[in-house]
Every structure is written in C-alpha cells, then in structure tokens.
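For reference, the structure discussed in these notes is given below.
Throughout, read-outs are computed from the coordinates displayed, never taken from laboratory work. It should be emphasised that the depicted structure is a prediction, and the values quoted were computed from it without experimental measurement. Note that we place each Cβ from the backbone using ideal geometry, even for glycine, and neighbour counts take in every protein chain shown.
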Amino acid sequence: MSDKTLAAPFAAAARPAPRPKLRRLPVRRAWPAWQVGAVQGLILLALIGGWEAGARTGLINAFFWSQPSAIAATLVTFIVSGSAAIDTVSTFQATLLGFAIGTTAGSLLGLSFWWSRNYAAVLQPYIICFESIPKLALAPLVILVFGMGLASKVAIATALTLVVSTLTAYAGVKAVDPDGERLFYSLGASRLQTFRKYVVPACLPWIISILRVNIGLALTGSVVGEFIASEHGLGRTIFYAGQTYDIALVWCAVLVLSCLSVVMYLAISVLERWLRRGVLH
C-alpha cells in the first residue's frame with residue numbers, strides 16, 4: 001500500500017468543511033406616505049360603501065345602525081345649525097381646563113414629596129386609595145356639588161388626571177440620583193436651589209411622558225360629566241340622541257368627538273416634542 005493511500009483518510013479529515021450558503025434577509029420596502037394614505041382611503045371607502053349597501057338591501061338594520069347617507073345629512077344639519085360648534089367648544093373647554101389643572105396640581109404635589117420623606121409617607125396611602133376609587137362612580141356626587149355647568153365637568157376631568165400626574169412626578173422624584181444632590185450641596189447650593197436647578201429638571205421628562213395619557217383622561221372625564229347632566233357638550237348630544245333613538249345624530253357626535261380627540265392628541269404630541277427638545281437638549 002502506497003503512502004498516498006495511507007494519507008488519504010487523514011487529508012479528507014483535515015480538509016475544511018464547506019461553508020453553508022448565507023441567505024439574504026428579505027428586503028422590506030416601506031411604502032411612501034401617499035401610498036399608505038391611498039390604501040387607508042380605499043379601506044374607508046369600502047367600509048362606508050359596504051355599510052350603505054348593507055343598509056339599503058336590508059342586510060344591516062338601518063334603525064339600529066343608521067346608514068352613511070343619513071349620517072351625512074344629519075351631520076350637515078348638525079354643523080349648519082351651530083350645535084356642533086357649541087357642543088365642541090363646551091367639551092373642549094372642560095377637557096383643556098381639567099387637563100391643565102390636574103396635570104399642574106398633580107405634578108406640583110408629586111414634586112413636593114421631595115422635601116420630606118415623612119410628608120410623602122403620610123400622604124401616599126391616601127393618594128393610592130383615591131386612585132383605586134372609580135372616579136366615574138363619583139360623577140353624580142360631583143354634579144350635585146358643582147351643578148350642571150362647566151365646573152362639574154372640569155372637576156371630573158381634574159380628578160382623573162390629578163392622581164396620575166402626582167404618582168408620575170413622585171416616581172421621578174424617587175428616581176433622582178442622590179449623588180447629584182450631594183454635589184449641589186457640596187458646591188454651596190441651598191435646598192431651594194437644588195430643588196429648582198436639579199430636582200425639577202430631572203423630573204420633567206417623567207411629567208412630560210404623562211401628557212398624552214392625561215389628555216385622554218381629561219376628555220373622558222368631561223364627556224362622562226356631560227352624559228350625567230349638562231346643558232351643552234358632545235357627551236350630552238350622544239346621550240340625548242341615544243335616548244331618542246336618533247342613531248344618525250349619535251354617529252355625528254361621535255365623529256366630531258373623534259376629530260376633536262385627534263386634534264388635541266396631535267397638539268399634545270407637538271407640545272411634548274417641543275418640551276423634550278427644551279429639557280433634554
């Protein structure tokens with residue numbers, strides 16, 4: 001047997017194994033904005049067309065679900081008569097005031113816990129207890145105390161946003177780095193200066209992060225207040241139309257309320273980005 005024959009198995013074992021073929025990742029191309037908008041518009045038109053066709057052919061009960069043509073006619077009347085503007089302004093005022101008062105007061109209360117651990121320990125159980133209470137169940141009591149005007153709706157919206165802002169600001173206070181506080185004290189800063197120049201800026205990202213949640217809670221509170229008792233507002237219109245089985249008017253008020261919520265959410269998003277640029281940069 002030759003030397004080449006004896007060395008053949010060892011040469012085969014020493015030969016490197018062939019590399020596996022690497023598969024390329026699939027290319028996922030993002031659609032341009034106009035294409036996404038076109039598909040969304042087509043889906044909306046298909047839903048509206050199917051709804052109208054189903055109502056006209058009897059597949060959908062038009063009494064309980066109404067139909068797009070009737071909703072469009074009612075919407076024109078709702079807008080031309082001025083009721084849409086009055087109700088929208090009423091809901092917007094209550095939402096904005098409840099959002100501003102609840103967010104500001106709750107943030108200040110949460111920041112105040114930095115000054116004393118004993119003060120925070122005493123108040124924290126009450127705040128948690130108030131958070132666990134369903135605020136909407138207290139709405140009738142709030143209506144009795146504040147009446148049927150704007151104040152009652154603002155009070156409910158404030159109650160929904162106050163505790164969330166307080167707990168969020170307090171979480172930011174507890175996350176403040178104590179080494180930074182010691183550094184400020186070592187440089188001769190007073191407690192008030194440390195609070196203003198270190199604690200508050202450190203907690204601002206926490207407060208900013210709750211703005212989008214609070215605007216939704218404030219809108220919910222104002223609409224619920226209008227459901228129970230109110231002279232004006234989109235919630236009152238929805239409740240009244242539901243009681244009179246005017247389903248087209250219900251859809252009109254819901255549509256206007258949805259547009260209002262989208263506009264307010266976008267405005268808060270712009271405010272949040274502006275605040276983040278000012279705080280974090």
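Excluding the site residues themselves, the longest part of the chain lacking any trypsin sites (Lys or Arg not before Pro) in a DSSP loop with at most 12 other Cβ atoms within 10 Å is 30-281. In terms of surrounding Cβ atoms within a 10 Å radius of their Cβ, THR74, THR244 rank from fewest to most as THR244, THR74.
Assuming a ≥ b ≥ c are the square roots of the Cα gyration tensor eigenvalues, decide whether segment 136-266 counts as rounded (a/c under 1.5), prolate (otherwise, with a/b larger than b/c) or oblate. Since a/c reaches 1.5 and a/b is larger than b/c, the shape of segment 136-266 is classed as prolate. About its Cα centre, the chain has a charge dipole of approximately 1600 debye under the convention of +1 per Lys or Arg Cβ and -1 per Asp or Glu Cβ, with nothing else charged.
Which of rounded, prolate, oblate describes the chain, given a ≥ b ≥ c as roots of the alpha-carbon gyration tensor eigenvalues and a/c under 1.5 marking rounded, otherwise prolate only if a/b is larger than b/c? Mind dumping the intermediate values first?
Working: a/c = 2.98, a/b = 1.23, b/c = 2.42.
Taking the square roots of the gyration eigenvalues as a ≥ b ≥ c, the chain is oblate.
Rounded to the nearest 0.05, the FRET efficiency derived from the C-beta distance between ALA175 and ASN61 at R0 = 35 Å is 0.05.
Say we join alpha carbon atoms closer than 10 Å with springs in a Gaussian network model of the chain; which of GLN40, GLN124, GLN93 then has the biggest fluctuation? Comparing GLN40, GLN124, GLN93 in the GNM, the peak value goes to GLN40. Label sites at ALA38 and ARG212, each approximated as a point 7 angstrom past Cα along Cα to Cβ, lie 2.9 nm apart. Where the centre of each part is set by its Cα atoms, how far does segment 68-134 sit from segment 156-204, in angstrom? A separation of 23 Å, based on Cα centres.
Only DSSP H runs of four or more residues enter the estimate; each adds -39500 (n - 2.57), and after division by the residues of the chain the mean residue ellipticity at 222 nm equals -25500 deg cm²/dmol.
As a proxy for reagent exposure, VAL163, VAL122, VAL89 were ordered by neighbouring Cβ count within 10 angstrom, fewest first; the result is VAL122, VAL89, VAL163. The phi-based Karplus calculation (6.51 cos²θ - 1.76 cosθ + 1.60; θ = phi - 60°) puts the 3J(HN,Hα) values of segment 188-193 at x, 6, 7, 5, 5, 5 Hz, whole numbers, x for Gly and Pro.
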